[in-house]
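Scroll down for the structure; my scribbles are underneath it.
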Amino acid sequence: MTAVVTPTGVWAQLVGQDSAVEVLSAAARAAAQIVAGEPAPAGAMTHAWLLTGPPGSGRSVAARAFAAALQCITGTGCGQCPGCRTAMQGTHADVRLVIPEGLSISVAEMRSLVQAAARRPTTGQWQVVIIEDADRLTEGASNALLKAVEEPPDRTVFLLCAPSDHPEDISVTIRSRCRLVTLRTPVPEAIARVLVDRDGVEAGLAEWAASVCGGHVGRARRLATDENARKRREAVLRIPMGLSRPADVFRCADELIAASEADAKEASEVRDEAEKAELRNAMGGDATGKGVAGAKRAAEAAVKQLEKRQKSRATRTQRDTLDLALVDLAGFYRDVLVAISGADARFNHPDHERDITAAARQWTPESTLKRLEAVLACREAILWNVKPRIAVEAMVTTLRHG
């Protein structure tokens with residue numbers, strides 16, 4: 001029997017991704033050999049990587065862990081040295097992290113990043129560029145990145161994170177120049193274990209959160225630690241069995257939109273205020289005395305620009321949280337299909353088994369599938385910038401009639 005190896009150091013942040021850890025840790029060791037001028041295994045290390053996997057599988061966590069291992073003085077990702085700690089905290093001078101604030105990553109942002117990435121490392125071993133949500137690159141941004149990936153600067157590594165390597169998520173030309181690492185959906189047992197060990201969650205609550213999160217580690221942590229998140233999930237899952245009257249369509253649509261707005265507001269509010277205060281302080285906007293009028297005007301102008309970016313980020317956050325709610329809803333109808341078919345498959349929402357069983361007795365497979373397709377169509381419509389309320393009301397109308 002093969003012994004189960006528990007990842008250590010920076011790799012301990014990854015949940016249930018043993019094969020990815022093996023590939024990335026081998027690459028980090030090879031990178032350390034290259035820096036030391038020693039022969040490294042052929043093909044173990046390359047300049048561009050594409051990390052794919054379903055939402056919540058830990059793509060960005062894997063990218064940060066790999067970046068930390070590349071900066072590690074031991075080449076192992078020990079988690080203790082300054083290189084590891086600063087890379088994981090996002091403060092390392094040679095690790096650049098791109099997280100789209102709005103709905104896309106612009107060509108101007110990517111050109112600026114590519115120019116910065118062409119420089120030699122200053123304090124670390126490698127210049128590392130992490131692009132979260134690389135599927136949000138505009139066409140112009142993809143072309144700007146492609147030039148850098150085709151002719152990579154020495155000692156620069158690009159780490160791209162995307163849901164898949166499908167052309168709709170990442171261009172074929174960029175994909176062809178990257179080494180692919182695929183992450184899988186963590187099993188509930190692994191998620192529950194990390195919630196207990198790392199986050200101090202009570203075992204029973206951790207097991208429940210892991211069983212209903214759909215393999216999304218961040219969602220499991222949110223459900224386990226935030227009572228409001230649990231209440232919003234319950235509100236979403238009441239929708240399928242709560243559509244008995246025509247007026248329920250608009251009521252449920254309002255509740256779904258309100259839940260996503262509340263979730264997004266909660267996620268953004270504290271961060272927004274902290275950013276404004278930090279910016280005003282940095283520009284002297286809160287100073288007093290003579291000669292500060294100009295500084296205050298400049299600070300307020302900068303704050304207005306920041307508020308514009310925050311508004312764009314809030315729109316993206318609301319759509320992302322609404323999408324999570326729709327995933328929960330789609331999971332309910334999938335569970336009903338499982339119950340109708342009698343398949344021996346785990347429910348996405350085992351804590352709603354009574355409603356799922358009741359729906360399986362009332363609905364036909366065809367009407368259930370039609371409802372599931374309506375949820376998926378709503379997700380796609382929002383992706384194409386249809387007004388969320390219009391898309392949701394159209395979906396809920398179909399959910400009622402089947």
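Some points to look at:
- Considering residues of segment 324-348 that are surrounded by fewer than 17 Cβ atoms within 10 Å (Cβ to Cβ) and of a type in the set (D, E, K, R) only, the residue farthest from E109 (Cα to Cα): D344
- The residue of segment 243-263 that is surrounded by the most Cβ atoms within 10 Å (Cβ to Cβ), among those that are more than 22 Å from the chain's Cα centre (by Cα), part of a helix (DSSP H, G or I) and of a type outside the set (A, V, I, L, M), is C252.
- Test: A65 is closer than 28 Å to I170 by Cα, in the same structural domain as L145 (by TED's automatic domain parsing) and either modelled with pLDDT of 95 or more or hydrophobic (A, V, I, L, M, F, W, C) (or both): yes
- Test result for S25, hydroxyl-bearing (S, T, Y), in a helix (DSSP H, G or I) and either within 24 Å of the chain's Cα centre (by Cα) or farther than 24 Å from L324 by Cβ (or both): yes
- Yes/no for R184 being touching a residue at least 24 places away in the same chain (Cβ under 8 Å) and more than 22 Å from R334 (Cβ to Cβ): no
- Any hit, segment 147-167, residues being polar (S, T, N, Q) and assigned to a helix (DSSP H, G or I): no
- Residue within segment 226-242 that is of a type in the set (V, I, T), modelled with pLDDT of 90 or more and crowded, with 16+ Cβ neighbours inside 10 Å present: yes
- Qualifying residues in segment 2-26 (those that are within 14 Å of R64 (Cα to Cα) and small (G, A, S)) - the one surrounded by the most Cβ atoms within 10 Å (Cβ to Cβ): A20
- Note on segment 349-402: among residues that are surrounded by 14 or more Cβ atoms within 10 Å (Cβ to Cβ) and in a loop (DSSP other than H, G, I, E, B), the one that is farthest from the chain's Cα centre (by Cα) is W363.
The values are calculated or read from the model by the stated rules, or taken from the named source; none is laboratory data. For clarity, every value in this text was computed on a predicted model and none was experimentally measured. With ideal geometry, Cβ positions are generated from the backbone for all residues, glycine too; neighbour counts draw on all protein chains shown.
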